[in-house]
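Following: one structure in structure tokens, then a few remarks.
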Amino acid sequence: MFIPSPARSEATERLYQESQSSEGFVMNLTRAWAWRPDIFQGFADLRSRLTGQSSLSKRELAVLVCAAASQLGDSYCSLAWGRTLAREADAAGAAAILEGGDAASLTARDRALAEWARKVVRDPNGTRAGDIEALRAAGLAEQEIFDATVFVAFRLAFCVVNDALGVAPDADLARQVPPEVRKAVSFGREPV
């Protein structure tokens, strides 16, 4: 990344230990966010509040992040959430979402959520009532549409911080990603 890791402290050590415990290694993004462990925790808490009260499934959340991150050109979140989507759906479906394509394993809701996420990232002022109707037609309720939109915006903020600071995806993460997903992430920073 473009800035060094902060000096070690009790707060940074706790953050590093949490990353080591959950991922098996200290993620590069953790080193960047260690500058403000309180803000990182705030992001985690907000994400938990948003997803904990939403009826969107883990798969649908992964679809949203993969579509948004790939539209942005963010390789880090594309790899991390592509891994999650491959587990929740399959590798071909995850790769299709990351490439902006289609796969037999994708549901109508998956397709509608992916298209919505791409539009929100590409041009939020360009969305139209018809875009919301497409989400409703795919079976999404009003609160799910709101939750999906907030989740995309939330993830976009997280991606932008990582990307602007030059945080590259972890080589350890890239090794855990199915080959189809790794091949689909042909944009953004290379893993290190």
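Descriptive notes on the structure:
- Under the combined filter of DSSP loop state and at most 12 neighbouring Cβ atoms within 10 Å, the stretch 83-192 retains none of its GluC sites (Glu not before Pro).
- The HN-Hα couplings worked out from phi for the stretch 153-158 by the Karplus form 6.51 cos²θ - 1.76 cosθ + 1.60 (θ = phi - 60°) are 4, 4, 5, 4, 4, 5 Hz, whole numbers, x standing for Gly and Pro.
- Cα long-axis angle, helix 58-72 against the chain (0 to 90 degrees, to the nearest 10): 80
- Loop-located trypsin sites (Lys or Arg not before Pro) in the stretch 1-36 (DSSP state not H, G, I, E or B) with no more than 16 neighbouring Cβ atoms inside 10 Å: 8.
- C-alpha long axis of helix 108-122 to longest principal axis of the chain, angle in °: 60
- Once divided by 2.2 N^0.38 Å, the Cα radius of gyration of the stretch 72-152 becomes 1.08.
- For the stretch 29-109, a crude dipole built from +1 on the beta carbon of Lys and Arg and -1 on the beta carbon of Asp and Glu, taken about the Cα centre, is about 260 debye to the nearest 20.
- Taking the Cα centre of the chain as origin and assigning +1 to Lys and Arg Cβ atoms and -1 to Asp and Glu Cβ atoms, the resulting dipole is close to 120 debye.
- Principal-axis analysis of the Cα atoms of the chain puts helix 10-23 at an angle of about 50° to the longest axis.
Quick note: the coordinates plus some simple rules give every number you see, no bench work behind them. All values derive from a computational prediction rather than experimental measurement. All Cβ positions, even for glycine, are placed from backbone atoms using ideal geometry, and neighbour counts span all protein chains on display.
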